[in-house]
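Q: Below is the structure I would like to discuss, written out as structure tokens.
The values are calculated or read from the model by the stated rules, or taken from the named source; none is laboratory data. Fair warning: this is a prediction, and the values are worked out from it, not measured in the lab. Note that we place each Cβ from the backbone using ideal geometry, even for glycine, and neighbour counts take in every protein chain shown. Side chains are part of the model used for accessible areas, which takes the heavy atoms of the whole protein and leaves out ligands, DNA and RNA. Shrake-Rupley method; radii C 1.70, N 1.55, O 1.52, S 1.80 Å.
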Amino acid sequence: MSTSGEATESAEQALAAAREAGIHRLAIPTPFQVGRVNAYLIEDSPLTLLDSGPNSAKAMDELEQALAARGHRVEDIELLVITHQHMDHFGLAAILARRSGAEVAALDALAPFLASYSQQTDLDDRFAEGLMLRHGIPPEVVTALRAVSAGFRAWGSAVEVTRPLADGSTLELRDRTLQVLHRPGHSPSDTVFYDEARAILLAADHLIAHISSNPLLARPLPGTADAEHPDRRPRALITYLASLRKTRAMDLSIVLSGHGDPIADHRAVIDERLRLHRRRAEKILGLISPEPRTAHEIAHELWGNVAVTQAYLTLSEVLGHLDLLLADGRALELEDGDVTRFAAA
């Protein structure tokens, strides 16, 4: 196991190699617990910015300072790339596009969501409310969380995607070709960008060194096949693990993440994440063996009051691992009036 000093040295070497390839990390402040979000300036033609940070004056100010340190202005940006639908990654995109005239590129399935951001977040909140009530979260907690969610919305902003990207397509810059790869799980729209010639993956929140990316239960993107089954609960963790296995098979020298430091050994990180999720599934199996429980009861047993203050996050975590147990035939999903309980098979 590497020491913290070795990990820091490895991260610095990876960032230096990225800079040599013309990719510069810009760490932008967010109001969220996760801390700063990494945008990446790609000095190529067109001058490209991957992700933007949240819609705030502080984020804009620090982004402008970071660009200026590289000799650029917002108005110089020619291409904005959005990796996924979380507001800390695209909140400033509309303002940046308006000021610069840049094209906005994102996964084609994500474009309708970004264009009608306010309406889509309303639908997301309704989806989350129904899921929380179904899985045992008290109505008063659900109401409070909806108010918190509404308060966060201003950190995002609708933006028109002018360059929709198909999964498996390429983004051609003068000095590099980026493969567009859909890697859903953390969100339905997670997209990574692969520079095969340099073995560099711009991974956003698909893979992060210091934390496990939580596969949040999210409403399927409008117009996708999953959206045709609105009553079917998304299997976010199962989807995420399948995406991780695809990434594990890739030959990579550097993974540039959406938060924190780069990853030099992606297979080691992914292998640990796969073990982590299996361990957690086993722990949850132990909790439902004596008697059936709701997902919220399981979350409360695991994390105490955090299961109230971060109810949707912990609910997503528990349901994801229950889905692993259900898929293995080791758990049962039981309808009990207005709530769902889970039992050992």
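Q: Being farther than 23 Å from A17 by Cβ and among the β-branched types (V, I, T) is the filter here, so list the residues in segment 216-263 that pass it.
A: T224, I238, T239
Q: Now for a different question. Do we find that D88 is under 20 Å from L26 (Cα atoms) and buried (at least 20 other Cβ atoms within 10 Å of the Cβ) in this structure?
A: yes
Q: Can you tell me which residue is surrounded by the most Cβ atoms within 10 Å (Cβ to Cβ) among those in segment 18-75 that are touching a residue at least 12 places away in the same chain (Cβ under 8 Å) and on the phi > 0 side of the Ramachandran plot?
A: Taking the candidates together, the pick is G53.
Q: Just checking, how many residues over segment 195-215 are open to solvent by less than 10 Å² (accessible area, probe 1.4 Å) and closer than 22 Å to G22 by Cβ?
A: The number of residues fulfilling the criteria is 8.
Q: Also: Out of L241, L252, report the one residue that is under 27 Å from S169 (Cα atoms) and in contact with a helix residue (DSSP H, G or I) (Cβ under 6 Å, 6 or more places away or on another chain).
A: Just a single option satisfies the conditions, and that option is L252.
Q: So which residues in segment 218-228 are in contact with a Pro (Cβ under 8 Å, 6 or more places away or on another chain) and open to solvent by 10 Å² or more (accessible area, probe 1.4 Å), if there are any at all?
A: A218, R219, P220, P222, G223, T224, D226, A227
Q: Does segment 291-331 hold any residues that are more than 22 Å from L274 (Cα to Cα) and without any contact (Cβ under 8 Å) to a residue 24 or more places away in the chain, and which are they?
A: Of everything in segment 291-331, those that are more than 22 Å from L274 (Cα to Cα) and without any contact (Cβ under 8 Å) to a residue 24 or more places away in the chain turn out to be H300, E301, G304, N305, V306, A307, T309, Q310.
Q: Considering only segment 140-154, state which residues are hydrophobic (A, V, I, L, M, F, W, C), open to solvent by 50 Å² or more (accessible area, probe 1.4 Å) and within 12 Å of E129 (Cβ to Cβ).
A: A144, A147, A150
Q: Pick out the one residue from V159, V192 that is at pLDDT 95 or above, open to solvent by less than 20 Å² (accessible area, probe 1.4 Å) and touching a helix residue (DSSP H, G or I) at 6+ places or on another chain (Cβ under 6 Å).
A: Of V159, V192, the one residue that is at pLDDT 95 or above, open to solvent by less than 20 Å² (accessible area, probe 1.4 Å) and touching a helix residue (DSSP H, G or I) at 6+ places or on another chain (Cβ under 6 Å) is V159.
Q: Separate question: Name the strands (runs of 3 or more DSSP E) wholly inside segment 138-235 in which the number of residues that are without any contact (Cβ under 8 Å) to a residue 24 or more places away in the chain and out of contact with any Phe, Trp or Tyr (no Cβ under 8 Å at 6 or more places or on another chain) is 2 or more.
A: In segment 138-235, 170-172 are the strands (runs of 3 or more DSSP E) which contain 2 or more residues that are without any contact (Cβ under 8 Å) to a residue 24 or more places away in the chain and out of contact with any Phe, Trp or Tyr (no Cβ under 8 Å at 6 or more places or on another chain).
Q: Follow-up question, since we're still on this one. How many residues, within segment 117-139, are of a type in the set (A, V, I, L, M, F, W, C), out of contact with any Leu (no Cβ under 8 Å at 6 or more places or on another chain) and either over 24 Å from A299 (Cα atoms) or buried (at least 19 other Cβ atoms within 10 Å of the Cβ) (or both)?
A: Going through segment 117-139 one residue at a time, the tally reaches 1.
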